[in-house]
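All remarks here apply to the structure that follows.
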Ligand SMILES: Nc1ncnc2c1ncn2[C@@H]1O[C@H](COP(=O)(O)OP(=O)(O)O)[C@@H](O)[C@H]1O
Ligand SMILES: [Mg+2]
């Protein structure tokens, strides 16, 4: 009797307040798709994989061993497998951060605080490198500096000026650092511009009243106050730079310049799973360390929010004779690194033969032509090729489904985390849903490839299905969606929902009538952001696609390797257009930019 | 010579005129409050004084020093004006400890380390913050943050102190305590103070003089008593006093003295105003009486207005009673000791007597005469 009453109460409670049940469901999902994969990988990095017997006589797949860790860290090949790529990755991350941070900071200050003209235009244009795929500038770089010595056709420099650019100019460290540096300028720009405009103006005015000069205020007040924002920018740039794959593949692989991420790719590509696990774990470890180091450096005690007080009108700094140079600098950056690359990529798609810069060489063949056996091995134009159209269809399908699933999960997650704030469940969900953020895309794809390709427990074998891609993208992009969800739910005071409850509204009705309308714009912008992120992702899916599940980015990667440049760049252009449209839709909705 | 003189100062933000042709003189050691509803230009005036904002036209003098003049192109930067300012949200630097916040302004005065330490410590001591010097602002309560802001201001010993609604973020109790502390502080260091608030009680309790502002224009600048009892126009009369005073439209039926008026709502009762000055015959006026200046009787009396009790709101020591004039039904509010009002029940008839008040010109809204005040008060 008593148990029945207890059960009844429990059940009623579940119906009335579903967050606990949801929370448990979400934890289960996160365990299966985040914790177990990480654990699986850690364990299997100490086991012989299926290729084990080829390397070690008598090895049995599944047998415990430290062979792979030794091979990667100390073995005879360790230098070329790990240490050199690792140093390359570090060097790239350090140098690109050294470009992106100061540039972004300077631009942010100019736009937020000075009287430089055309602020609206500059702000919009400076964000473009962040919207388009990170390898956009890298590909455009190739059109100028590539050399026939490393396969394919000559670039602009060779074709027009007859200069064969040296390898270090066209490939490897220098161009990788520059293109990634440019891609990450918007991160610092956006974060710092936000910080500079939301600092309470009175904090600076207080110092002014006490007689501080402008430079002293900038150094002693403004700089320390934006330091947390600068720290986030550093972590984002450095951490993400370490794991970048596309640029490093496009600009590094032709001259066999390897980085940690391209090594991970190579290992999984060659079915050397265990070695891939070891490299992946190291990559994750280094990324995680960056985040923690930053938190240590900035310190918990001094962490503060600089809420803007009323009347936080910042007075503009008059640039005087520096106004023209500053404007020119911004203009030049946008011309060279934003408009320029997109223009070059567009131009490339309408040239019958690469490297022949003449009007007679222009054609729309690669867009709408039927196949010509003399051009790109008979591959028809983009809008005529069922192979490419299929990839576009797959990409759109993947992006839309991922975005919707992510959006719904994000809102549920936000609801549970906010309503159960303070409980262990809430904290674990928030922490676990953030974890995929620390795992570079190429590593994430690698893990999912080895875990979910074959049937596993009750889960069927997913290799070659779109489901696998959706699953991978959903889990990887869950951090964006969940932080949007948490933010959206924070905005909604519990009393709004409780008021509806007092009117007898059940949970479903409350969700549809109260929560959903209030969280709508947050939900939509999370969905759109996930959509454009999925559209442009290469590293995450490059290991997982099969001919049936090919996507725009994956065939772009293939075309680029086959030197079907016009097709590759045409697809690139389509991705750019789609992501830009998506981005402006987000802006329309008043959505926040997430990294 | 006044220590602060503002002459014909105007400040625009685009289309809005925040301060319009302002003239203001403040004597050495005064505590002047700029009082007015939100958006009337108080903060802007203060910021112009501090130099954080540059007026469009006008002049500002501190003593015999001109710190701003649009005509002569003089603009002394904020740091050179010898002022201290406390902001509404305190504006404490979150990345510095209490000590560092307070010491900041001393560092450029060419003092040695130990001199700085002594002065910061003694200032913190005065404000009861000795134990908190190592803390960050986020680790302090609102009242403590407020004191740090005060310490940061007075440690450099400025001649002029400026405050922008410094107490508006605190709860009622703390506000009371800090009000007392501010008044003591002003008494002790004697620095000329300009204080911005929208809280009339704060203005009345703290100031030597109050400047009531509306739409960027000073409506009246006088001592608190003067502003409270003899508001120069209807705006000031309405703004001062809580609950809001009574305003009874009337027509002068006999010039006097003493003048007689007929209320618009209740013309049958001729009302004789106890005033030695005559009023223009048949002028349209507004009689303004404070709630505490209305007496009542539960039996009819000559010259008293018949009314019924609408609601009584006891607050402990005193009681606020709302009545409705009969006939007419205009609302009248009166205030008195609670035990006196205890006999009033719902809808009970009672009779109201106007003890003292002011008469305003109905069209212009300006004060034309007062009644019922002892002559000494009226002269002042
Ligand atoms: N920096 C500014 N930019 C534009 N308008 C302003 C600015 N500062 C004040 N104003 C406007 O000027 C008027 C007076 O403002 P303020 O002096 O802050 O009023 P108060 O302090 O009395 O509330 C208001 O209408 C306000 O909107
Ligand atoms: Mg104000």
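How much length would be gained if the chain were fully extended between residue A:358 and residue A:285, taking 0.36 nm per residue of separation minus their Cα-Cα distance, in nm to one decimal?
21.2 nm
Taking N as the number of residues in chain A, what is its alpha-carbon radius of gyration divided by 2.2 N^0.38 Å?
Cα-based Rg divided by the globular estimate yields 1.04.
Would you please classify the overall shape of chain B from the alpha carbon gyration tensor, given that a ≥ b ≥ c denote the square roots of the eigenvalues, rounded means a/c under 1.5, and beyond that prolate means a/b larger than b/c while oblate covers the rest?
prolate
Length gain on complete extension for the stretch residue A:87 to residue A:370, per 0.36 nm per residue less the alpha carbon to alpha carbon distance?
Working it through step by step, the gained length comes to 97.2 nm.
When you look at the Cβ of every residue in B:50-60, what mean number of other chain Cβ atoms sits within 10 Å?
Mean partner-chain Cβ count within 10 Å for B:50-60: 2.
Please compute the average number of Cβ atoms from other chains found within 10 Å of each residue's Cβ in peptide B:81-91.
Average per residue, whole number: 5.
Checking the a/c ratio against 1.5 first, then a/b against b/c, what shape does the Cα gyration tensor give for the range A:311-443?
Because a/c hits 1.5 or more and a/b fails to exceed b/c, the range A:311-443 counts as oblate.
Show me, bin by bin at 5 Å from 0, the whole-percent P(r) of the range A:404-495 based on Cα pairs.
The distribution over the range A:404-495 is 3, 14, 21, 19, 17, 13, 8, 4, 2, 0, given as percents.
For each of A:477, B:304, B:90, A:463, count neighbouring Cβ atoms within 10 Å of the residue's Cβ, then give the residues from fewest to most.
A:463, B:304, B:90, A:477
Need one value for A:198-205: mean number of C-beta atoms belonging to other chains within 10 Å of its residues' C-beta atoms.
Mean partner-chain Cβ count within 10 Å for A:198-205: 5.
Where the centre of each part is set by its Cα atoms, how far does the range B:302-373 sit from the range A:357-393, in angstrom?
That distance is 91 Å.
Assuming R0 = 35 Å, what is the FRET efficiency of residue B:121 and residue B:205, from their Cβ-Cβ distance, to the nearest 0.05?
Given R0 = 35 Å and the Cβ-Cβ separation, E is 0.70.
With an 8 Å Cα cut-off and a minimum separation of 6 or more residues, compute the relative contact order for chain B in percent.
14
Using helices alone, what [θ] at 222 nm do you get for chain A, with -39,500 (n - 2.57) per DSSP H run of 4 or more residues, divided over all residues and rounded to the nearest 500?
The per-residue figure over chain A is -20500 deg cm²/dmol.
With each label point set 7 Å from Cα along the Cα-Cβ vector, what nm distance links residue B:302 and residue A:11?
8.5
Compute the separation of the alpha-carbon centres of the range B:63-84 and the range A:482-520 and state it in Å as a whole number.
55
Once you sort the root eigenvalues of the Cα gyration tensor of the range B:57-214 as a ≥ b ≥ c, which label holds: rounded (a/c under 1.5), prolate (a/b larger than b/c) or oblate (the other case)?
Judged from the Cα gyration tensor, the range B:57-214 comes out oblate (a/c at least 1.5, b/c at or above a/b).
How long is the gain from residue A:496 to residue A:424 if the chain were fully straight, where each residue apart is worth 0.36 nm and the alpha carbon distance is subtracted?
23.4 nm
Restricting to Cα pairs below 8 Å that are 6+ residues apart, what does the relative contact order work out to for the range A:395-510? Please round to a whole percent.
40
Give me the one-decimal nm value for the distance between modelled label points at residue A:115 and residue B:109, 7 Å along each residue's Cα-to-Cβ direction.
If labels sit at residue A:115 and residue B:109, their model points lie 3.4 nm apart.
Given a Förster radius of 22 Å and the C-beta distance between residue A:215 and residue B:54 as r, what FRET efficiency does 1/(1 + (r/R0)^6) yield to the nearest 0.05?
0.60
Roughly what would the spin-label model give for residue A:64 and residue B:363, points 7 Å off Cα along C-beta, in nm?
Those two pseudo-labels are separated by 10.4 nm.
Within a 10 angstrom radius of the beta carbon, how do A:406, B:343, A:473 rank from fewest other beta carbons to most?
Listed from fewest to most nearby Cβ atoms, that is B:343, A:473, A:406.
Sorting A:265, A:366 on the 10 Å Cβ count, fewest up front, what's the list?
A:265, A:366
We did not get these values from a lab; they are worked out from the coordinates using the rules stated. Keep in mind it's a predicted model, so treat the numbers as computed, not measured. When we count neighbours, we look across all protein chains shown, and the Cβ atoms used for this are built from the backbone with ideal geometry, even at glycine.
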